[in-house]
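Take a look at the structure below.
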Amino acid sequence: MDSAAEALAPLLAQLVNYERSRPDRRLWDLATMRRHLAATPAPRPAVQVGGSKGKGTTCAFLAGLTQAAGLHAGCYSSPHVTTLLERIQIDGGDIPLAELEPILRRLLARPVATDERQLTFFEAMTLAAAEWFVQRRVDLTIWEVGLGGRHDATTALPVDAAIVTTIELEHTDVLGDTIAQIAGEKAPVVRDGGVGFTGASGEALAVIGAHARASGARLCVLGEHFGMRSVQWSAAGARGRLWLPDGRALPFLLPGAAAFELPALALAAAAFAHLLPDATLQLDPAPRPQLPCRFEVRAEPDGEVLVLDGAHTEQSLRAVAAELQRRWPGRRPAVLFGSATGKRWREALSALLPVADSFVVTELSGTTSEDPAAIAGFLARAGARSEVASDVASALRMLRSRPGPRLVVGSFYLAGQVRQLVAASVPDRPR
């Protein structure tokens, strides 16, 4: 259980939490945030990070680069894995409950006009983060988009640069059911007259580029204006040269790197060089963030490995599958899978079917969940071996009865629950 959420329950109960209720259409806008921001100063300099996947990793690299330069980074992210306090961090440390509670209490005490709505959970946490970062005088604030971009609460905040990582088909019930529509919803994080950095390609890049031109923004594209060259892999990690929009080409070493982390590092480094031009850019070695449930590898009691990852889209799960094969060639993972309602789980599983040995499917707790029996039926029709578990604890026991590597994917809710169970049962350690 999240003790912070329990302590804040009387306050949180006043807030609508769309992360848990998962509406099938947008029920919010930026008007409420803008009204509150008139009384809540926003920290600067700041960067907003949007996109379909890689947002959290890019944010973590930005925070790590800031700390490596001897500066202080405030980072606002979602979802959380263990405690909601994780969403608001300075230099990797969670906001103390004793500091978050009075901020939330003051926010909810503000009068609400009859024609205005109350804050949502995400809006309240965003405003609380802004106030705390100003109080602590951070050197760089990093805002991770929660959903979409055009109407996300973080888009109401002033920023000095924006990042759009990649674009995939996700949240189609709210954002649209084509790449172009989703890119159109995410592109507005690049502000009028501002600077944007993106790892998008194809149709998505065309949409983002058109938005940048129409808004008078400068857009820097991964592979065109900055990127990585001569990448070599060894036991030490990934080594190569990273070139920046300002023309510099710097050597980099990312210890223990996963292949899908390299675009995030490139995006973070390019944005860092723009936002903090006088700060030292530490790339050799680059600070590698240890993010929970982002290809988190843990040693198992029987000598196998357990990989926890919140990936749930087809593209992100293809990246996970590729990394599994790179690290453990010739071995087929046993997979524990669960999906929140409304996700494209069939497409996601298609990325794992060619490499997986077997599946365990279970229901999520903490959010609405797809029917595990329906998922298992889909897997059976695809010729895959699968079992349904009644709960996450039973699912973990089933997974551990199978040879590894063992993979938990499909939802941050699922990966986070397994992480807590593992930590409570044995003294597992990251590997």
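All of the numbers you see were taken from the coordinates with simple rules; none came from a lab. Keep in mind that what you see is a predicted model, and the values were worked out from it rather than measured. We place every Cβ from the backbone using ideal geometry, glycine too, and count neighbours over all the protein chains shown.
Placing a label point 7 Å from the Cα of residue 322 along the Cα-to-Cβ direction, the residues of the range 33-57 whose backbone N falls under 19 Å of that point are 51-57. With bins 5 Å wide beginning at 0, the percent of Cα pairs of the range 121-209 falling in each bin runs 3, 14, 23, 22, 17, 12, 6, 3, 0.
Among rounded, prolate and oblate, which fits the range 354-431 when a ≥ b ≥ c are the square roots of the eigenvalues of its C-alpha gyration tensor, a/c under 1.5 means rounded, and a/b larger than b/c means prolate? Write down the numbers at each step before the final one.
On the way: a/c = 2.09, a/b = 1.34, b/c = 1.56.
It comes out oblate by the Cα gyration axes.
Among residues other than residue 230 with Cβ under 9 Å from its Cβ, the summed charge is +3 (Lys and Arg +1, Asp and Glu -1). Coupling constants for the range 135-144 follow from the phi torsions by the Karplus curve (6.51 cos²θ - 1.76 cosθ + 1.60, θ = phi - 60°), and in residue order they are 4, 8, 6, 5, 8, 8, 10, 10, 10, 8 Hz; glycine and proline get x. For the range 53-175, just say rounded, prolate or oblate: build the C-alpha gyration tensor, square-root its eigenvalues into a ≥ b ≥ c, call rounded for a/c under 1.5, and beyond that prolate if a/b exceeds b/c, oblate if not. Oblate shape, in that a/c is at least 1.5 and b/c is the bigger or equal ratio. Rounded to whole numbers, the Karplus 3J(HN,Hα) couplings from phi for the range 81-95 are 9, 10, 9, 5, 4, 4, 5, 10, 10, 10, 6, x, x, 5, 4 Hz, using 6.51 cos²θ - 1.76 cosθ + 1.60 with θ = phi - 60°, and x at Gly and Pro. Tally Lys and Arg at +1 and Asp and Glu at -1 over the other residues with C-beta under 11 Å from the C-beta of residue 240: what net charge comes out? Surrounding charge for residue 240 is +2. Contact order for the chain, expressed relative to its length and based on alpha carbon pairs under 8 Å spaced 6+ residues apart, stands at 15 percent.
Loop only by DSSP, 12 or fewer other Cβ within 10 Å of the Cβ. Give me the trypsin sites (Lys or Arg not before Pro) in the range 105-185 that pass, ordered by residue number. Spell out each step's value before the answer.
Numbers: sites: 105, 106, 117, 136, 137, 150; in loops: 117, 137, 150.
Filter output for the range 105-185: 137.
Here the spin labels are modelled as points 7 Å beyond Cα on the Cα-Cβ line, and at residue 1 and residue 206 they lie 5.4 nm apart. Neighbour counts of other Cβ atoms within 10 Å put 53, 343, 186 in the fewest-to-most order 343, 53, 186. Computed about the Cα centre, the dipole magnitude for the range 296-425 is approximately 320 debye when only Lys and Arg (+1) and Asp and Glu (-1) carry charge, each at its Cβ. According to the square roots a ≥ b ≥ c of the eigenvalues of the Cα gyration tensor, what is the shape class of the range 296-425, taking rounded for a/c under 1.5, prolate for a/b larger than b/c otherwise, and oblate for the remainder? Rounded, since a/c falls under 1.5. Under 5 Å between amide hydrogens, built in the peptide plane, is the criterion, and for residue 340 it picks out 370 among residues at least 5 positions away or on other chains.
Please list, ordered by chain and number, the residues whose modelled amide H lies under 5 Å from the amide H of residue 253; skip anything fewer than 5 residues away on the same chain. The answer is 284, 286. Look at the dipole of the chain built from charges on Cβ: of 122, 236, 396, the Cα furthest out on the positive end belongs to 236. Taking the chain as a Gaussian network, where each spring joins two C-alpha atoms under 10 Å apart, which residue of 289, 41, 329 fluctuates the most? Result: 329 has the largest fluctuation of those listed.
Placing unit charges on the Cβ atoms of the charged side chains and taking the dipole of the range 282-333 about its Cα centre, the candidate lying farthest along the positive direction among 321, 282, 292 is 321.
Counting other beta carbons within 10 Å of each Cβ, put 401, 77, 215 in order, fewest first. Please list the in-between numbers first.
On the way: 401 10, 77 22, 215 16.
Ascending number of Cβ neighbours within 10 Å: 401, 215, 77.
What translational diffusion coefficient, in µm²/s and rounded to a whole number, does the Stokes-Einstein relation yield for the chain at 37 °C and a viscosity of 0.692 mPa s, taking the hydrodynamic radius as the Kirkwood radius over Cα pairs? Display every interim value, and only then the final one.
Details: Rh = 22.2 Å.
Calculated translational D: 148 µm²/s.
What is the Cα radius of gyration of the range 312-378 over 2.2 N^0.38 Å, N being its residue count? Show your work: numbers first, answer last.
On the way: Rg = 12.1 Å, N = 67, 2.2 N^0.38 = 10.9 Å.
Against the compact-globule rule of thumb, the ratio is 1.12.
Treating each Cα of the range 261-307 as an identical point scatterer and summing with the Debye formula, the log10 of I(q)/I(0) at q = 0.14 Å⁻¹ comes to -0.51. Once the range 1-105 is represented by equal point scatterers at the alpha-carbon sites, with solvent omitted, what log10 I(q)/I(0) does the Debye formula produce at q = 0.12, 0.17, 0.20 Å⁻¹? Debye curve over Cα of the range 1-105, log10 I(q)/I(0) at q = 0.12, 0.17, 0.20 Å⁻¹: -0.52, -1.09, -1.44.
Please find the FRET efficiency linking residue 353 to residue 112, where r is the Cβ-Cβ separation and R0 is fixed at 41 Å, and quote it to the nearest 0.05. Each step should come with its number before you reach the end.
Details: r = 50 Å, r/R0 = 1.21.
About 0.25, to the nearest 0.05.
Once backbone amide H atoms are built at 1.01 Å from N, residue 359 has 335, 385, 386, 387 as its partners under 5 Å, excluding neighbours fewer than 5 places away on the same chain. Per-residue Karplus couplings for the range 342-348, computed as 6.51 cos²θ - 1.76 cosθ + 1.60 with θ equal to phi - 60°, are listed in order as x, 7, 8, 6, 5, 5, 4 Hz, Gly and Pro entered as x. Projecting the Cα atoms of 205, 40, 258 onto the charge dipole of the chain (Cβ charges, centred on the Cα centre) puts 258 farthest toward the positive pole.
Mind putting a number on the dipole of the range 3-275 about its Cα centre? Charges go on the C-beta only, +1 for Lys and Arg and -1 for Asp and Glu, and I need it in Debye to the nearest 20.
On the way: 25 positive and 27 negative charges, 106 e Å.
Roughly 500 debye, rounded to the nearest 20.
Length available on full extension from residue 233 to residue 421: 0.36 nm per residue minus the Cα-Cα distance, which gives 64.3 nm.
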